[in-house]
Amino acid sequence: MIKLTHRSVHVSREYRVPCQRLWEVITDASRWPEWGPSVTAVECPDRMIRKGSRGRVKTALGIWVGFAITDYEEGRSWSWNVLGVPATGHRVEPAGEGSCRLVFEVPLLAAAYAVVCKAALDRIARILESKGTPQ
């Protein structure tokens, strides 16, 4: 689902898994290349990110860019800056017994990135369906 607000574009999908399972996939930096179409590699000293985690990602264009986790609420949400610019927010919401929803919050100025986020939601679905757990 895609929803436009006055500040951002929200791209979301519901999954029939516990919230904690989804949270583990999206906060394990080593797994970002599996589900993030724009990320091909990650260098981060914190495998499981937290507020203040820093590192760099290699983009699909082959360019390394720095990132910092700026907001983090355990089990619920995280946001980051990429090249010092606020980037996508990630939020996990309960959606009934045994289900949850992942919402990507894309800044309005980067609205076209919603297409990439939709592809990421689909990739995450495949990971969760394959019973993929953090390595």
Among all stretches of the chain without exposed GluC sites (Glu not before Pro) (DSSP loop, at most 10 other Cβ atoms within 10 Å), which one is longest?
1-73
If you put +1 on each Lys and Arg Cβ and -1 on each Asp and Glu Cβ, how big is the dipole of the chain around its Cα centre, in Debye rounded to 20?
160 debye
Once the other residues with Cβ under 11 Å from the Cβ of Leu121 are scored (Lys, Arg +1; Asp, Glu -1), what is the net sum?
+3
Kindly provide the helix-only [θ] at 222 nm of the chain, computed as the sum of -39,500 (n - 2.57) over DSSP H runs of four or more divided by all residues, to the nearest 500 deg cm²/dmol?
-6000 deg cm²/dmol
Could you pull out every one of the aspartates and glutamates with an alpha carbon less than 15 Å from that of Lys118, ignoring same-chain neighbours closer than 8 positions?
Glu14, Glu34, Glu105
Treat the chain as a sphere of radius equal to its Kirkwood radius over Cα pairs and apply Stokes-Einstein at 10 °C in a medium of 1.306 mPa s; give the translational diffusion coefficient in µm²/s, rounded to a whole number.
107 µm²/s
Go through the cysteines of the chain and tell me which have no other cysteine Cβ under 4.7 Å away.
Cys44, Cys117
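Values in this text are rule-based calculations from the coordinates and carry no lab data. Only a predicted model underlies this, so the values are computations on that prediction, with no experimental measurement involved. Ideal geometry is used to build each Cβ from the backbone, glycine not excepted, and the neighbour counts take in all protein chains shown.
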